[in-house]
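Participant: Submitted below is the structure of interest, expressed as structure tokens.
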Amino acid sequence: MAPPADTVLEALIEHAAAYSSGDNERYAAGLSLPFVHLWPDGEILRYDDQRDVDLLLHYRRAGIDPATFRGSELDEAKLILDWEGLKAFHTKFTRHALDGGTLGQSEAIWVATRCAGAWKLKLRIGAARIR
């Protein structure tokens, strides 16, 4: 498991890496609970407890086949809201296949909060595929 994120950028990078890992515990460790993912169609995925996290379910909802998914790479994070204990970013990330191909690039809004001395993800809005 990754150490707590001291900077918000570390939290964003770890969020993408943990999502890619398929490890529910690692992914949950980087979330500020309750965590909400608001999908583009308005559906809400909410994790109230670390035991609620199910990346396979999350992958299915995102249209990701875990058998061919290598991971997501954070390409860009533009700060759009800068408060002391809360930061929001317009992010772009690329999903990669195990065979080395690209599954596409998506964008979303990621909101991080300061939680118990570390930065953690609180909210994801999106992701909309852009290519």
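The values are calculated or read from the model by the stated rules, or taken from the named source; none is laboratory data. On a predicted model such as this, the values are computed, not experimentally measured, just so you know. All Cβ positions, glycine included, derive from the backbone under ideal geometry; neighbour counts span all protein chains shown. To get the accessible areas, we keep the full protein, side chains included, count just its heavy atoms, and leave off ligands, DNA and RNA. Shrake-Rupley method; radii C 1.70, N 1.55, O 1.52, S 1.80 Å.
Participant: Any residue in region 96-108 that is farther than 13 Å from Ala62 by Cα sitting within a Cβ distance under 8 Å of a residue that is outside any strand (DSSP E or B) and among the β-branched types (Val, Ile, Thr)? List the pairs, counting only those 6 or more apart or interchain.
Facilitator: Within 8 Å, the pairs are Ala97/Thr68; Leu98/Thr68; Asp99/Thr68.
Participant: Among the aliphatic types (A, V, I, L, M), at pLDDT below 90 and within 14 Å of the chain's Cα centre (by Cα), is that true of Ala112?
Facilitator: It is false that Ala112 is among the aliphatic types (A, V, I, L, M), at pLDDT below 90 and within 14 Å of the chain's Cα centre (by Cα).
Participant: Counting only residues that are open to solvent by 30 Å² or more (accessible area, probe 1.4 Å) and under 24 Å from Ile130 (Cα atoms), give me the helices (runs of 4 or more DSSP H) lying completely in region 1-118 with at least 2 of them.
Facilitator: 8-21, 55-62
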